[in-house]
Amino acid sequence: MGLRDTYAYAISTAKGKFNGSAEERDGKLHFKGSVKTEAEKNELWSAIKTIPSWKDDIVADIQVTGGGAATSGGRTYTVKSGDTLSEIAKEHLGSAGAYMKIYEANRDQLSDPDKIKPGQVLKIPA
């Protein structure tokens, strides 16, 4: 059974909402594309996360293109292996020292600013 079969529920959840593809390559399932709202992105992530091994199986680049309710800043970032909050802050906020702004905006899912995991979707404050 391939990863497309394993993640059939996530792929069916994406139908009609996700403008992109779910391709199996290099032993991983790559989701690349966009959705209109943050709620649709969260719904797709919830479907992906129904499989316990999703962190080992999935590479995702899911962008929100607008329309509907979004987070206050409207931007998110999906953590990749090797990322740190400082690096993400430097790239998205212009200063590595602004990492605590990202941490504070994501207190609902982060208990320590030094412990982020690949696949986490972080809100980037304005």
Any pair with Cβ under 6 angstrom, 6 or more apart, that starts in segment 44-59 at a residue that is without any contact (Cβ under 8 Å) to a residue 24 or more places away in the chain and ends at one that is surrounded by fewer than 16 Cβ atoms within 10 Å (Cβ to Cβ): none
Could you give every pair whose Cβ atoms fall below 8 Å, whose first residue belongs to segment 106-120 and is assigned to a loop (DSSP other than H, G, I, E, B), and whose second residue is among the small types (Gly, Ala, Ser), counting only separations of at least 6 or pairs across chains? Pro118/Ser81; Gly119/Ala60
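Mind checking whether some residue in segment 79-93 is in contact (Cβ under 8 Å) with a residue 12 or more places away in the chain and under 11 Å from the mean Cα position of the chain (by Cα)?
Step one: of segment 79-93, the residues in contact (Cβ under 8 Å) with a residue 12 or more places away in the chain are 79-81, 83-86, 88-89, 92-93.
Remaining after also requiring under 11 Å from the mean Cα position of the chain (by Cα): 79-80.
So far as segment 79-93 goes, yes, one or more of its residues are in contact (Cβ under 8 Å) with a residue 12 or more places away in the chain and under 11 Å from the mean Cα position of the chain (by Cα).
When only residues in segment 14-45 that are among the hydroxyl-bearing types (Ser, Thr, Tyr) and at pLDDT 90 or above count, which is farthest from Thr78 (Cα to Cα)? If you could, list the steps in order and put the result at the bottom.
First, the residues of segment 14-45 that are among the hydroxyl-bearing types (Ser, Thr, Tyr): 21, 34, 37.
From the residues that got through so far, the ones that are at pLDDT 90 or above too are 21, 34.
Values: Ser21: 17, Ser34: 13 Å.
The extreme case among them is Ser21.
The values are calculated or read from the model by the stated rules, or taken from the named source; none is laboratory data. On a predicted model such as this, the values are computed, not experimentally measured, just so you know. With ideal geometry, Cβ positions are generated from the backbone for all residues, glycine too; neighbour counts draw on all protein chains shown.
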